[in-house]
């Protein structure tokens, strides 16, 4: 059986030449096909790099480092004793609380990981664990804002928008930046906002379920009708834009029509897991037919990475259901179980497909937890130190970098500030973070503001 030829807008328009109601001048514009420079065309960084894309996993609420990735035998022994390290930024007297889970070595490297993450522990040979992270704020909103934008107090472009701005896209039929965010974290839409960067670089939110992206389906099934409508709208929009050349938001909206049209087929296919094998679904702790949940987010992230999306964020938790366990640290168990196997499955899947070397996988939270008890059996917010990790994309696997003191209250070796973290991510993508800038309001802005040093010791 012969396949039906793909519909092309230009062919449709030519078929309307005879007896068309379109004005001849307007029809000529439609057929001319002149396009302005493509702001999302693929671009190279400042120097060659292994990483071509990022999968950024954000666990919302403040994951406890001493209960997950930062073993402290002394804290077990000091349970119930008094300490001067308190919650928040104060120096209150607090009763120390021992970790709730045992630590065991993972992989051939032997990196110690708690029993909260048995599946991830098996992948530590591929993971570069940073135990010496440092932030600037102990409030969820500000810390989440800082981790995503480099600014703890003011709205700035998100890291995904910066990557889209720097690298463009490898697939114009999909967005360059996608946020898999069924629920929103504390900083809300700011985690994928473009702010003053051109609006082309804003992230597209995906929620999962029956309609992963709102209003994506065609309004009409009549062949060629939507293409004709969009062609006419494109000419009128560009005619309007020609008198407002400095309006990047308007320009982005015009281009969004074309991207959205192609997404109707390309995105729907990317979110359709029917062709994935049972073995692959099992790696992500998925059942056939699942169309939401954290495992679904991770598998869709891999499928988007395969299709050329530059930056994919996976949001774990919401502003009301997350890792912020003030009353009872035992609640960390359910949060960890939700993400442990899917993240390990994502790393293993990328590796087996030969994609991990070119995909930088990042896991982080906004801050850690206090060694002292908060509430009854919980921990407070603690930005003085916490743990994050990277895998693939040019980092050293099997490495545990940096150290905190004996009770995990402060960094004592190889501090990695959030700005350093961002500088290193950009470096792995081929960028000098001081040169990836955008002129706004009379000055050049960058993700790292006026700070940041690349953590060269973790580079492969």
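The values are calculated or read from the model by the stated rules, or taken from the named source; none is laboratory data. The structure displayed is predicted, hence computed values, not measured ones. Cβ atoms come from the backbone with ideal geometry, glycine included; neighbour counts cover every protein chain shown.
In this structure, is residue 393 under 19 Å from residue 312 (Cα atoms) and in a loop (DSSP other than H, G, I, E, B)?
yes
Being at pLDDT 95 or above, assigned by TED's automatic domain parsing to the domain that holds residue 60 and within 25 Å of residue 306 (Cα to Cα) narrows it down to one of 379, 369, 353, so name that one.
After applying the criteria, what remains is 353.
If a residue has to be more than 23 Å from the chain's Cα centre (by Cα) and either closer than 19 Å to residue 112 by Cα or without any contact (Cβ under 8 Å) to a residue 40 or more places away in the chain (or both) to count, how many in segment 369-393 make the cut?
1
Do you know which residues across segment 138-155 are surrounded by fewer than 20 Cβ atoms within 10 Å (Cβ to Cβ) and in a helix (DSSP H, G or I)?
Result: 141, single match.
Can you tell which of 334, 301 is part of a helix (DSSP H, G or I) and surrounded by 23 or more Cβ atoms within 10 Å (Cβ to Cβ)?
301
Quick one: which residue in 42, 105, 73, 48 is at pLDDT below 95, surrounded by fewer than 20 Cβ atoms within 10 Å (Cβ to Cβ), assigned by TED's automatic domain parsing to the domain that holds residue 171 and within 35 Å of the chain's Cα centre (by Cα)?
Going through 42, 105, 73, 48 in turn, the sole match is 42.
I'm trying to understand the selection: among the residues of segment 266-290, which are surrounded by fewer than 19 Cβ atoms within 10 Å (Cβ to Cβ) and outside any loop (DSSP other than H, G, I, E, B)?
266, 268, 269, 278, 279, 280, 282
Residue-by-condition table, conditions (1) in a helix (DSSP H, G or I); (2) modelled with pLDDT of 95 or more; (3) touching a helix residue (DSSP H, G or I) at 6+ places or on another chain (Cβ under 9 Å):
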{"position": "120", "(1), (2), (3)": "yes, yes, yes"}
{"position": "125", "(1), (2), (3)": "yes, yes, no"}
{"position": "136", "(1), (2), (3)": "no, yes, yes"}
{"position": "157", "(1), (2), (3)": "no, yes, yes"}
{"position": "161", "(1), (2), (3)": "yes, yes, yes"}
{"position": "166", "(1), (2), (3)": "yes, yes, yes"}
{"position": "173", "(1), (2), (3)": "no, no, yes"}
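Regarding segment 413-424, can at least one residue be identified that is buried (at least 23 other Cβ atoms within 10 Å of the Cβ), part of a loop (DSSP other than H, G, I, E, B) and in the same structural domain as residue 64 (by TED's automatic domain parsing)?
Looking through segment 413-424, none of the residues is buried (at least 23 other Cβ atoms within 10 Å of the Cβ), part of a loop (DSSP other than H, G, I, E, B) and in the same structural domain as residue 64 (by TED's automatic domain parsing).
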